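Colleague: One structure is given below, represented as structure tokens, and several questions about it will come after.
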Amino acid sequence: MQREGKGRVLDQFANPDNPRIHYETTGPELWEQTSGRMTHFVSAMGTTGTITGVSRFLKEKNPQVRIVGAQPSEGSRIPGIRKWPEEYLPKIYDPSTVDELVYVSQDDAEEMCRRMAREEGIFAGISAAGACWVAQQVAQQVENATVVFVVCDRGDRYLSTGVFPA
């Protein structure tokens, strides 16, 4: 379709507008909402647009903010996040702004998904729950941390998967 002038391939993995919009909007919103007090930002790593854009913004504001990427552990298949082999990293990804990668299992992400719905009333998806699980691990390890993560997907996408019991 693109060759015929009837469409356009946006390619969220290579489109610089993906991290740019997170640099211009998500990063500033998180900074403002925490009054600049965040110590850690955790992001699920799907297209890597969120972690790339937000981390660039946060590192400009405070180079001491730790950026943590949530990736699925070996054998886990968490929709929306990937463990990227070096040769397949998205073109938009900037690893220089990410301080650490933490792996989350599919079981832990799915259980966190249910907990978020049951305990917090947040109907999130599995990738968001994976980031939440990693954020909790960071918060348990670092005293006086202000850990922020973004709920990046919705739970309704997973109603037919068995993640949420009837």
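Colleague: Test of understanding: among GLN137, GLN71, which residue is more than 21 Å from ASN15 (Cβ to Cβ), among the polar types (S, T, N, Q) and not in a strand (DSSP E or B)?
Modeller: Going through GLN137, GLN71 in turn, the sole match is GLN137.
Colleague: Also, quick follow-up: Given the criteria assigned to a helix (DSSP H, G or I), surrounded by 12 or more Cβ atoms within 10 Å (Cβ to Cβ) and of a type in the set (Gly, Ala, Ser), does ALA131 qualify?
Modeller: Judged against the criteria, ALA131 is a match.
Colleague: Which residue out of VAL163, VAL138 is surrounded by 15 or more Cβ atoms within 10 Å (Cβ to Cβ), at pLDDT 90 or above and among the aliphatic types (A, V, I, L, M)?
Modeller: Unique residue meeting the criteria: VAL138.
Colleague: May I ask you to list the residues in segment 55-76 that are closer than 18 Å to ASP17 by Cβ and in contact with a strand residue (DSSP E or B) (Cβ under 6 Å, 6 or more places away or on another chain)?
Modeller: Result: SER55, single match.
Colleague: Can THR52 be described as in contact with a helix residue (DSSP H, G or I) (Cβ under 9 Å, 6 or more places away or on another chain), within 25 Å of ALA139 (Cβ to Cβ) and not basic (Lys, Arg)?
Modeller: Answer is yes for this residue.
Colleague: So if I check each of ALA145, ALA139, ALA128, which one is under 23 Å from PRO19 (Cβ atoms) and of a type in the set (A, V, I, L, M, F, W, C)? Talk me through it step by step, then tell me what you get.
Modeller: Working: ALA145 fails: under 23 Å from PRO19 (Cβ atoms); ALA139 fails: under 23 Å from PRO19 (Cβ atoms).
Matching residue, one of ALA145, ALA139, ALA128: ALA128.
Colleague: A further question follows. Tell me which residues, restricted to segment 9-47, are part of a helix (DSSP H, G or I), under 18 Å from PRO95 (Cβ atoms) and not aromatic (Phe, Trp, Tyr).
Modeller: Answer for segment 9-47, where residues must be part of a helix (DSSP H, G or I), under 18 Å from PRO95 (Cβ atoms) and not aromatic (Phe, Trp, Tyr): ASN18, PRO19, ARG20, HIS22, GLY27.
Colleague: Let me ask something additional. Looking at ARG114, ARG154, ARG118, can you tell me which residue is over 17 Å from HIS40 (Cβ atoms), within 15 Å of the chain's Cα centre (by Cα) and basic (Lys, Arg)? Even if it seems obvious, please write down each step before you answer.
Modeller: Numbers: ARG114 fails: within 15 Å of the chain's Cα centre (by Cα); ARG118 fails: within 15 Å of the chain's Cα centre (by Cα).
Exactly one residue qualifies, and that residue is ARG154.
The values are calculated or read from the model by the stated rules, or taken from the named source; none is laboratory data. Not measured: the values here are computed from a predicted model. Glycine gets a Cβ as well: all are built from the backbone with ideal geometry, and neighbour counts include every protein chain shown.
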